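Single-structure report; data block below.
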Amino acid sequence: MPQFQYNTSLQNKPPVTPQMRALEGLVSPYGYEGAHGDVMRSRAGQVAADYNVNADRANTDYALAKQQAENALVLQGLSNLSQDQENQRKVYQGRMDLMRGMQNNIMGGLFG
């Protein structure tokens, strides 16, 4: 059985790259002290966590959509390959039928 290699032209560009996750070390430029600083750090941590969850979801959705697009392309390619093989079989069968018809005409039906 022949082996086939499939190269996709789809780009792999996830919506959120690791460089975009810079919120982890975000520090306020204002010098909040005491409880105010704790509230700011807590809120910054919550925002960073929410961002990371949404970034992971967006990247996962992207990866799934990319996989589905690749699957569709592979299935289309296999369908084209199957159709091509069917067309080749029909051409071969048509040639064989033509040769049999010519043989019968030449032999004048001696063996029929």
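The values are calculated or read from the model by the stated rules, or taken from the named source; none is laboratory data. Everything numeric in this text was worked out from a predicted model, so none of it was measured. Glycine also receives a Cβ, built like all others from the backbone with ideal geometry; neighbour counts cover every protein chain displayed.
Looking for something within 20 Å of Asn12 (Cα to Cα) and touching a residue at least 40 places away in the same chain (Cβ under 8 Å) - is there at least one such residue anywhere in the stretch 79-97? There is no residue in the stretch 79-97 that is within 20 Å of Asn12 (Cα to Cα) and touching a residue at least 40 places away in the same chain (Cβ under 8 Å). Using the structure shown, decide if Asn59 is of a type outside the set (A, V, I, L, M), under 30 Å from Thr17 (Cβ atoms) and in contact (Cβ under 8 Å) with a residue 40 or more places away in the chain. It is true that Asn59 is of a type outside the set (A, V, I, L, M), under 30 Å from Thr17 (Cβ atoms) and in contact (Cβ under 8 Å) with a residue 40 or more places away in the chain. Condition test on Ser9, is it over 30 Å from Gln85 (Cβ atoms) and at pLDDT below 90? No, not satisfied. Checking each residue in the stretch 30-68 for being under 23 Å from Ser9 (Cβ atoms) and touching a Leu at 6+ places or on another chain (Cβ under 8 Å) picks out only Lys66.
Yes/no per residue for (1) assigned to a helix (DSSP H, G or I); (2) at pLDDT below 90; (3) among the basic types (Lys, Arg); (4) loosely packed, with under 12 Cβ neighbours inside 10 Å:
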residue: Glu24; (1), (2), (3), (4): yes, yes, no, yes
residue: Val27; (1), (2), (3), (4): no, yes, no, yes
residue: Tyr30; (1), (2), (3), (4): no, yes, no, yes
residue: Asn59; (1), (2), (3), (4): yes, no, no, no
residue: Leu64; (1), (2), (3), (4): yes, no, no, yes
residue: Gln83; (1), (2), (3), (4): yes, no, no, yes
residue: Lys90; (1), (2), (3), (4): yes, no, yes, yes
residue: Met96; (1), (2), (3), (4): yes, no, no, yes
